[in-house]
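The values are calculated or read from the model by the stated rules, or taken from the named source; none is laboratory data. Just so it is clear, the model here is predicted, and its values are computed rather than measured. Please note: Cβ atoms are built from the backbone with ideal geometry, for glycine as well, and neighbour counts cover all protein chains shown.
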Amino acid sequence: MTPLARVPAEPPYPEAERGRPEAQRLRPETGRLYPRAARLIRESRLSVALTGAGISTPSGIPDFRSPGSGLWEDVDPMEVATLSGFKENPQAFYDWIRPLARTIINAAPNPAHLALAELEARGFLRAVITQNIDLLHARAGSKKVLEVHGHIRRATCIRCYQAQPAAPYLARFIEDGGVPRCPGCGGVLKPDVILFGEQLPALVLDEARRLARHSELMIVAGSSLEVAPAADLPALTLASGGRLMIVNREPTSFDGQADVVIHDDVAIALPAILTEGLTGEARGG
Ligand SMILES: [Zn+2]
């Protein structure tokens, strides 16, 4: 069995790839960077990945925090997706998030998620820090995932603060369109997703910062590095002498400080880096 047996050669998500024919093949101008990227991973004793919406778009999940994703067309984000807006009108929040929740439940990890899980399994990656709430890293097999914007794994009652696994509520909520209620007190359940203006989970963020500071390499995958905390973490790695590798379709403000910058589809580039430079290798000890 080859180490990459789980990573399909072709992107398995035709809807997401439609209209993007350039993503179907490796680009020669980025292809020449893969061996260098692989060498950087091999040479670094502690590496961490930082991922954003761009790693899940090949799985068909829109970048819901960005205007233009289609999810904000008829709503004011400050009304539906803030904590105060949620408490005032949970129905409006749930009506807004329902299509996104349905998309996430039906999505599958893509080759970029699988490549990061493979890197971790082979000892080349300590953790994934992600801005995504979609659980796709865990479903791809990543063990250590720091979800700085929360996740849809749990929901918490806004009255008694009891946490519930979200799975039993999710499917029903998507079907019947109601507002999920706490089985203990009947209060409204809020998914453990960080809303606009809400504080980020402190312990998770502390650990992400600690890892960023101690990493010899940060692999940025599918993040434009525009929003904090994603915008702060690469700076911590650089400040303590670590290096950056950036894989993102669009340029980022950190490109000039990175050792390797690959402007390509993460679902193409990350598996290619493994195939070209790290096949069969695992870190010993
Ligand atoms: Zn409750």
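Here are the numbers for this structure:
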{"read-out": "Check on Ile133, within 18 Å of the chain's Cα centre (by Cα) and away from the ligand (no atom under 16 Å from the Cβ)", "value": "yes"}
{"read-out": "Enumeration of residues in the range 168-192 that are within 16 Å of the ligand (Cβ to nearest atom) and either closer than 18 Å to Val148 by Cβ or of a type in the set (A, V, I, L, M) (or both)", "value": "Val179, Val188, Leu189, Lys190, Pro191, Asp192"}
{"read-out": "Among the candidates Leu170, Leu205, Leu211, Leu189, residue that is part of a helix (DSSP H, G or I) and not assigned by TED's automatic domain parsing to the domain that holds Leu244", "value": "Leu170"}
{"read-out": "Output for the range 136-167, where each listed residue is more than 16 Å from the ligand (Cβ to nearest atom) and in a strand (DSSP E or B)", "value": "Val145, Leu146, Glu147, Gly150, His151, Ile152, Arg153"}
{"read-out": "Residue match in the range 193-213 (condition: within 16 Å of the ligand (Cβ to nearest atom) and touching a residue at least 60 places away in the same chain (Cβ under 8 Å))", "value": "no"}
{"read-out": "Those residues of the range 84-130 which are in contact with a Pro (Cβ under 9 Å, 6 or more places away or on another chain), at pLDDT 95 or above and either closer than 19 Å to Arg172 by Cα or not in a helix (DSSP H, G or I) (or both), in sequence order", "value": "Ala108, Asn110, Ile129"}
{"read-out": "Top-ranked residue of the range 214-231 - restricted to ones that are over 11 Å from Ala49 (Cβ atoms) and under 16 Å from the mean Cα position of the chain (by Cα), ranked as surrounded by the fewest Cβ atoms within 10 Å (Cβ to Cβ)", "value": "Ala228"}
